[in-house]
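All of the numbers you see were taken from the coordinates with simple rules; none came from a lab. Being a predicted model, the structure only gives us computed values, none of them experimental. Cβ placement follows ideal geometry from the backbone for every residue including glycine, while neighbour counts extend to all protein chains displayed.
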């Protein structure tokens, strides 16, 4: 397994957000984490990314324990996290936002080599290079956030609600990009409210409720479970 999370418990602002959560993600899989708002999905990703420190449990990436490590060290290991709020530099250009994603490769002659992959996934970004990030549409900003994460050359890409705030006509582009990213050899851990679409592209899924895993299985098993569809996924 590329990522192994075991019995993880994390508190956020003094309250337990996830409790005894275990999951794993194999190399080049797409795995979805589903559940209602407040279920702990974002806290899970933040803990893996080093933005939250767990109370108990372990996180292993490519066989090495990483729980509690600083976020920049986890990024350097090959884990890229795109948060729900994107965290772009709004006054900087698209080009500069992308270049900032390659900070781990300073001094290397090929530090901008991932740009070709980013432009192949999101041709619109190449057209917008001189523009400030704040002038982009919601969908274009999400493309930029994903593109910047890919500039770190990750082995694992974690996406938190990538379709949120995006025009419906651009949502399909985002999901198609996720599939294309997997084809390049990058593993994807995806938190997403659009469960029908995300389960169609995923290999496996976990469902969280009040911070605990209540169901896991193949994407088809989760999608076809009538209780989960009705009670937790709303589909």
Simple spin-label model, 7 Å along Cα-to-Cβ: residue 7 to residue 127 in nm? 5.4
Between residue 76 and residue 224, Cβ-based FRET efficiency (R0 30 Å, step 0.05) works out to 0.15
Label-point separation in nm, residue 164 to residue 27, each point 7 Å along Cα→Cβ: 3.2
Working from the pairwise distances between different alpha carbons, so that the mean of 1/r is found and then inverted, what is the chain's Kirkwood radius in Å? 17.9
Mean-square fluctuation check for the chain, GNM, Cα pairs under 10 Å: which of 165, 14, 40 is largest? 14
I'd like the orientation of helix 168-183 relative to the chain: the angle between its Cα long axis and the longest Cα principal axis, in ° from 0 to 90, rounded to 10. 90
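What shape does the range 108-220 have by the C-alpha gyration tensor, where a ≥ b ≥ c are the square roots of the eigenvalues, rounded means a/c under 1.5, and otherwise prolate means a/b greater than b/c and oblate the rest?
The shape class here is prolate.
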Of 152, 218, 187, the most mobile residue in a GNM of the chain (C-alpha springs, cutoff 10 Å) is 218
